[in-house]
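The values are calculated or read from the model by the stated rules, or taken from the named source; none is laboratory data. Computed from a predicted model, the values in this text were never measured in an experiment. Here the Cβ is made from the backbone with ideal geometry for all residues, glycine too, and neighbour counts use every protein chain on show. These area figures cover heavy atoms from the full protein model, side chains too; ligands, DNA and RNA do not enter into them. Shrake-Rupley method; radii C 1.70, N 1.55, O 1.52, S 1.80 Å.
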Amino acid sequence: MLVDGKWTSDWQPVQKADEKGRFVRQTSSFRNWITPDGSAGPTGTGGFKAEAGRYRLYVALICPWASRTLIARALKGLTEVIPVTVVNPTLTDQGWQFGGYDGADSDPLHGAAYMHELYTRADPSFTGRATVPVLWDTHTDTPVNNESADIVRMFDTAFDGIVPPTPRLYPDTLADKIDALNPRIYDQLNNGVYKAGFASSQQAYDEAVSGVFDMLDELEDTMDGPFVFGPQVTETDIRLFVTLIRFDAAYHGIFKCNRAQIADYPRLTAQMKAMLALPGVRETVNMDHITRGYYSIKALNPTRIRPTGPAHVEALLA
């Protein structure tokens with residue numbers, strides 16, 4: 001973790017918990033927006049105009065939040081517009097590291113060894129965790145944004161003058177439904193698996209794991225079509241998919257969310273299949289990085305032995 005720009009201790013999965021042992025996630029630090037004309041977005045300052053080749057996306061393939069941005073980038077046709085740098089999946093004592101693993105990249109902009117070096121390059125007095133994703137502006141040499149939800153939204157509309165606008169991931173006709181469901185999926189499922197895995201009390205774990213499966217059961221009962229809101233893919237499907245595809249391989253075991261597998265939910269399994277059939281989505285999923293990364297968390301798996309399979313996920317991806 002960085003304190004006033006200095007790396008102070010070995011990386012730990014839990015930096016903060018409440019009085020009942022509940023995992024508390026750090027909020028994002030950089031909240032500027034890319035817009036078609038460079039004007040300021042909903043948060044932050046202006047000066048970030050949509051231009052091909054100007055921005056670089058830093059991601060970890062293990063990370064569901066980073067994978068949200070990769071999927072949005074693929075669905076919106078931005079793969080040739082915004083290049084990507086992938087960090088090592090194995091969490092080190094200094095957090096995310098560049099290179100040194102198959103499918104991981106060196107930092108092409110500054111030759112950084114660790115992600116936290118880019119954070120302190122942007123803010124020499126930065127305090128907090130150096131997370132991914134990070135959307136970096138090569139013109140001003142600074143991060144635009146490190147909040148995945150913001151990045152998905154800006155990918156959806158900011159580059160409409162460069163790439164076709166469809167599919168619209170946050171359509172006006174579904175905005176109210178998306179805004180109502182997204183926070184619940186985040187709290188109970190996306191972050192819920194982490195709250196279960198990193199709980200430091202039985203009460204915190206019981207609450208979290210109940211929320212996880214309540215949400216899975218609700219979605220299984222209410223979905224009517226290949227995607228959450230029917231025939232049209234939206235950003236809600238991206239949020240759901242990144243947790244579903246990791247669930248049986250990682251969260252079921254390492255995070256103790258073992259009441260059931262996603263394989264037990266026919267409609268949720270069908271949603272994964274529908275997502276994987278969309279152009280570019282399959283290429284964002286790297287199960288080697290996912291299992292290597294989660295099972296490298298020393299606090300949860302000191303031996304770092306990772307299980308094989310599950311076979312049904314391998315078959316789904318194949």
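Quick notes
- Helix-only mean residue ellipticity at 222 nm for the chain, each DSSP H run of n ≥ 4 adding -39500 (n - 2.57), per residue, nearest 500: -10000 deg cm²/dmol
- Most mobile listed residue (A104, A277, A74) in the chain, GNM with C-alpha springs under 10 Å: A277
- If you wrap the tightest convex hull around every Cα atom of the stretch 258-318 and split its volume per residue, you get 94 Å³.
- The stretch 44-147 shape via C-alpha gyration tensor axes, a/c threshold 1.5: oblate
- Accessible surface calculations at 1.4 Å, restricted to protein heavy atoms, place the chain at 41 Å² per residue.
- Long-range amide H partners of Y114 with built H, under 5 Å: F98
- Each Cα pair under 8 Å and six or more residues apart adds its separation to the average, and for the stretch 229-309 the resulting relative contact order is 26 percent.
- Only protein atoms count toward the accessible area here, which uses a 1.4 Å probe; on the chain, the carbon and sulfur part of that area reaches 50 percent.
- In the structure shown, the pairs K76/K273; K6/K298; K195/K298; K177/K298; K49/K273; K76/K195 are assessed against 28 Å; a Cα-Cα span above that value is assigned to K177/K298; K49/K273; K76/K195.
- The Kirkwood radius of the stretch 83-242, taken over pairs of alpha-carbon atoms, gives through the Stokes-Einstein law at 20 °C and 1.002 mPa s a diffusion coefficient of 117 µm² s⁻¹.
- Computed 3J(HN,Hα) for the stretch 72-79, one whole-Hz value per residue from the Karplus formula 6.51 cos²θ - 1.76 cosθ + 1.60 where θ = phi - 60°, is 4, 4, 5, 5, 8, x, 9, 5, glycine and proline marked x.
- Across the stretch 85-93, computed HN-Hα scalar couplings (Karplus, 6.51 cos²θ - 1.76 cosθ + 1.60, θ = phi - 60°) run 10, 9, 8, 5, x, 7, 6, 9, 5 Hz from first to last residue, x flagging Gly and Pro.
- With both labels modelled 7 Å from their Cα along Cα-to-Cβ, the K49 to R259 distance reads 5.2 nm.
- Of the residues K298, K76, K195, the one that moves most in a GNM of the chain with alpha-carbon contacts below 10 Å is K298.
- Label zone at Y186, where the point sits 7 Å out along the Cα-to-Cβ direction: the stretch 29-44 residues whose backbone N lies under 12 Å: none
- Cleavage-rule hits, trypsin sites (Lys or Arg not before Pro), the stretch 218-288, DSSP coil, Cβ neighbours within 10 Å at most 11: none
- Cα gyration tensor shape for the stretch 100-147, rounded if a/c is under 1.5, else prolate or oblate: prolate
- Whether the stretch 197-318 is rounded, prolate or oblate, judged on the alpha carbon gyration tensor where a/c under 1.5 counts as rounded: oblate
- Cβ crowding within 10 Å averaged over residues, with 58-70, 206-218 ranked highest first: 58-70, 206-218
- Note on the chain: with a GNM built from Cα contacts shorter than 10 Å, the maximum mean-square fluctuation among T303, T85, T120 falls on T303.
- Cα→Cβ-extended label distance, 7 Å offset, between H110 and D160, nm: 3.4 nm
- Across the chain, the relative contact order, built from alpha-carbon pairs under 8 Å that are at least six residues apart, equals 20 percent.
- For G95, residues with placed amide H under 5 Å, excluding near neighbours: W11
- Accessible surface ranking that places the most exposed of R121, R129, R292, R54 first, with a 1.4 angstrom probe: R121, R292, R129, R54
- Couplings for the stretch 210-226, taken from phi via the Karplus curve 6.51 cos²θ - 1.76 cosθ + 1.60 with θ = phi - 60°, read 5, x, 4, 7, 4, 5, 4, 5, 4, 5, 4, 7, 9, 5, 9, x, x Hz in order; Gly and Pro are left as x.
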